[in-house]
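Please read the structure below before turning to the comments.
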Amino acid sequence: MADLMDTIVAMAKRRGIVFQSSEIYGGLRSFWDYGPLGVELKRNVRAAWWKAMVQERDDVVGLESSIMMSPRVWEASGHLDSFTDPLVECLSCHQRFREDHLPESRACPNCGNNDWTDARNFNLMFKSFMGPVESAENEVYLRPETAQGMFVDFVTVQQASRKKLPFGIAQIGKSFRNEITPGNFIYRTREFEQMEMEFFVPPDEADEWHRYWIEERRRWYVDLGLRESHLRVRAHEGDELSHYSSATSDIEYLFPIGWSELEGIAHRGSFDLTQHTEASGTKLEWVDAG
């Protein structure tokens, strides 16, 4: 498997698809540059997704929110407290890994040692500072997902577009996650592009729409030409669910590295709108005026 991945990486560089960022300086781990063919491929994927999700539907509108948002957004959404992975350090070689990614033997993937520090929670958000002074009150974060922009702008977008429920807000943009153990080429990176859509529905229709979008998204991949035998839908177990989700299903693809997620369809309920309403004091709701 390692030889196959090495072959794919070498071919991608040789053909100008994707290659290591800052390579002449030794590279920057888990950051990649897309060359002449790669950038065309990315643009085609983005265009196909946008056409299917926004332009060909009358119940979804587009948005492009900023990468940096008020830190209060991430406090209200739970990302400051809950967007963490368990970090452990090998006591022999001092390499750090996600505890839940260790092999069953718990042997260090780097040196084979079996002695580790206690796990501690590591927040995955990139922190920066806005303005000339690096102080706590000037802390900002690179967004770890594009979804929160759609929630905090919900009322403004709804009023501007005059949409009634059910309707969705979609956007494409960069997100950033300070992954402990990125790898597998461009599959798990610290800077990546997301295509996300949040669909707002009456509470009593939520389960029905959740099932609809699982099948709708699976069908989209089949229509693009992906082999059905290499696609599957996998529902998350209870201990896998994110803090905001009451149900999530992943559409997975059989990659050279095995079955891995293409996209997730989460039933978020009213978690996000409720959290931001309580934190901001602004009602994020839609009222049917008849």
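Computed over the alpha carbons of the range 27-95, Rg followed by Dmax gives 19.3, 58 Å. When the chain is treated as a GNM with alpha-carbon contacts under 10 Å, the residue of E137, E191, E179 showing the greatest mean-square fluctuation is E137. Surface calculation, 1.4 Å probe, protein heavy atoms: F192 sits at approximately 50 Å² accessible. By the helix-only formula, in which each DSSP H run with n ≥ 4 contributes -39500 (n - 2.57) and the sum is divided by residues, the chain has a 222 nm mean residue ellipticity of -8500 deg cm²/dmol. Of all lysines in the structure, the ones whose alpha carbon falls short of 18 Å from that of K174, not counting any fewer than 8 places away in one chain, are K42, K127. The spacing between the range 271-285 and the range 202-225, judged by their C-alpha centroids, is 26 Å. Packing-based ranking of 71-83, 48-60 yields 71-83, 48-60, ordered from highest to lowest mean Cβ neighbour count within 10 Å. Is the chain rounded, prolate or oblate when judged by the Cα gyration tensor, a ≥ b ≥ c being the square roots of its eigenvalues, rounded requiring a/c under 1.5 and prolate requiring a/b larger than b/c? Note, shape of the chain comes out prolate.
Here the range 101-157 exposes an accessible surface that is 47 percent carbon and sulfur, computed with a 1.4 Å probe and the other protein chains kept in place.
When the square roots of the Cα gyration tensor eigenvalues are ordered a ≥ b ≥ c, the ratio a/c for the range 91-156 is 1.5 or more and a/b does not exceed b/c, which makes its shape oblate. Simple rule: put +1 on each Lys or Arg Cβ and -1 on each Asp or Glu Cβ in the chain, find the dipole, and look at F151, G62, L87; the Cα lying farthest toward the positive end is G62. Residues V18, V201 ordered from highest to lowest accessible area at a 1.4 Å probe: V201, V18. Rg and Dmax of the range 232-290, based on Cα coordinates, read 16.3, 53 Å. Ligands, DNA and RNA left out, the accessible area of the range 161-290 computed with a 1.4 Å probe is 47% carbon and sulfur. Computed over protein heavy atoms with a 1.4 Å probe, the accessible surface of the chain works out to 58 Å² per residue. Using the Cβ of E193 as centre and a radius below 14 Å, the other residues enclosed give a net charge of +2, where K and R count +1 and D and E count -1.
Taking a straight line from the alpha carbon of K283, these aspartates and glutamates sit under 14 Å away, with near neighbours fewer than eight places off in the same chain left out: D153, D272. When the surface is traced with a 1.4 Å probe over the full set of protein chains, K283 keeps roughly 140 Å² accessible.
On the accessible surface of the range 23-74, probed at 1.4 Å, how many percent belong to carbon and sulfur atoms? In the range 23-74, the share of accessible area belonging to carbon and sulfur is 56 percent. So for the range 155-290, taking the charge dipole from beta-carbon charges (+1 Lys/Arg, -1 Asp/Glu), which of A160, A235, S246 sits furthest toward the positive end? Projecting each Cα onto the dipole axis, the largest value belongs to A160. On a per residue basis, the convex hull of the C-alpha atoms belonging to the range 139-290 measures out at 156 Å³.
The values are calculated or read from the model by the stated rules, or taken from the named source; none is laboratory data. On a predicted model such as this, the values are computed, not experimentally measured, just so you know. Virtual Cβ from ideal backbone geometry, glycine too; neighbours counted across all protein chains shown. The protein model used for the area step is the full one, side chains on, heavy atoms only, and it has no ligands, DNA or RNA in it. Shrake-Rupley method; radii C 1.70, N 1.55, O 1.52, S 1.80 Å.
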